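To keep things clear, I will list the structure first and then write my remarks on it.
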Amino acid sequence: MRIVLLGAPGSGKGTQATLLVERLGVPHISTGVLLRNAARKGTELGLKAKSVIDRGELVPDEIMSDIIEERLGRADVANGFILDGYPRNLAQAKSLDTMLARLGNPADEVIHIDVDPAQIIKRLAKRATEEGRVDDAEKTVRNRMRVYAEQTAPVADYYAHRGLLTRVLGDGHKDEILQRILSVLNINTTRV
Ligand code: ADP
């Protein structure tokens, strides 16, 4: 199961990825988590990334492809993965295609979680208080949403043209949204 989750910041990709991991037993690869861990460790890459993340911009593509390539090369992705936060622009989508083709395993499903922008602003304001992520400050959220609309939204169209994209409504309880995703994946949901 090689699944790519797309959606605006705060659309619930991370939450759904965590729930899917429990169901599918494949690893969750979150570029946001990988970058924040690197920043916490204070590696050169991490510190460089932190200033970009805190401004709500995208970390350069070359850095991201190195990170993803290394992660996809590990043994635990042999049975698949849930990719959350990558690709975030068309160049990254093309790099991912090349990497997966090299591994002989193209993506099976790309799921876009649709959430209304007004709802996103509310959710991220709540997360800013709860988790204290600097990039959840309102001004930065607006920048992340602009970056999303300009650079990441075209990635959904890219996969839609290739018949890989399904849009799932991201409104409602997290278990309800999980059910919608599992039914897209054709997984029996009666035992949930
Ligand atoms: P969210 O989806 O809520 O914005 P993430 O944790 O996925 O949160 O990402 C946080 C930040 O990490 C992004 O705003 C960006 O600065 C950086 N980032 C994550 N993934 C990528 C990527 N694929 N390319 C460039 N930057 C990225």
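Since every read-out is calculated from the coordinates, none of them should be taken as a lab result. In this text, all values refer to a predicted model and were calculated from it rather than measured experimentally. Here the Cβ positions follow ideal geometry from the backbone for every residue, glycine too, while neighbour counts run over all protein chains shown.
Couple of notes before you dig in:
- Among Val26, Val184, sorting on how many other beta-carbon atoms sit within 10 Å of each Cβ, with the fewest leading, yields Val184, Val26.
- Taking 0.36 nm per residue of separation and subtracting the current Cα-Cα distance, fully stretching the chain between Val134 and Arg74 would add 18.5 nm.
- Trypsin sites (Lys or Arg not before Pro) restricted to DSSP loop in the stretch 85-192 with at most 10 other C-beta within 10 Å: Arg191
- Volume per residue for the stretch 38-142 equals 132 cubic angstrom (convex hull of Cα atoms).
- Computed from backbone phi, the HN-Hα couplings of the stretch 7-19 come to x, 4, x, x, 7, x, 4, x, 4, 5, 4, 4, 5 Hz, rounded to whole numbers (Karplus: 6.51 cos²θ - 1.76 cosθ + 1.60, θ = phi - 60°; Gly and Pro given as x).
- Karplus-derived 3J(HN,Hα), 6.51/-1.76/1.60, for each residue of the stretch 52-68, Hz, glycine and proline x: 5, 4, 5, 8, x, 9, 8, 5, x, 4, 5, 5, 5, 5, 4, 4, 5
- Nearby lysines by direct alpha-carbon distance to Lys50 (threshold 21 angstrom, same-chain neighbours under 8 apart not counted): Lys13, Lys41, Lys139
- Added length on full extension, which subtracts the Cα-Cα distance from 0.36 nm per residue, Asn105 to Gln119: 1.5 nm
- Within the chain, helix-based [θ] at 222 nm, where runs of 4 or more DSSP H residues each add -39,500 (n - 2.57), nearest 500: -17000 deg cm²/dmol
- Computed over the chain: relative contact order in percent, which uses C-alpha pairs under 8 Å that are six or more apart: 32 percent
- Placing unit charges on the Cβ atoms of the charged side chains and taking the dipole of the chain about its Cα centre, the candidate lying farthest along the positive direction among Gln151, Leu100, Ala8 is Ala8.
- Couplings for the stretch 94-105, taken from phi via the Karplus curve 6.51 cos²θ - 1.76 cosθ + 1.60 with θ = phi - 60°, read 5, 4, 4, 4, 5, 4, 5, 5, 5, 7, x, 10 Hz in order; Gly and Pro are left as x.
- All Cα-Cα separations within the chain were binned at 5 Å from zero, giving a P(r) of 1, 7, 16, 21, 21, 18, 11, 4, 1, 0, each value a whole percent of the pairs.
- Placing R0 at 22 angstrom, the Cβ-Cβ distance between Glu62 and Asn143 gives a FRET efficiency of 0.50 after rounding to 0.05.
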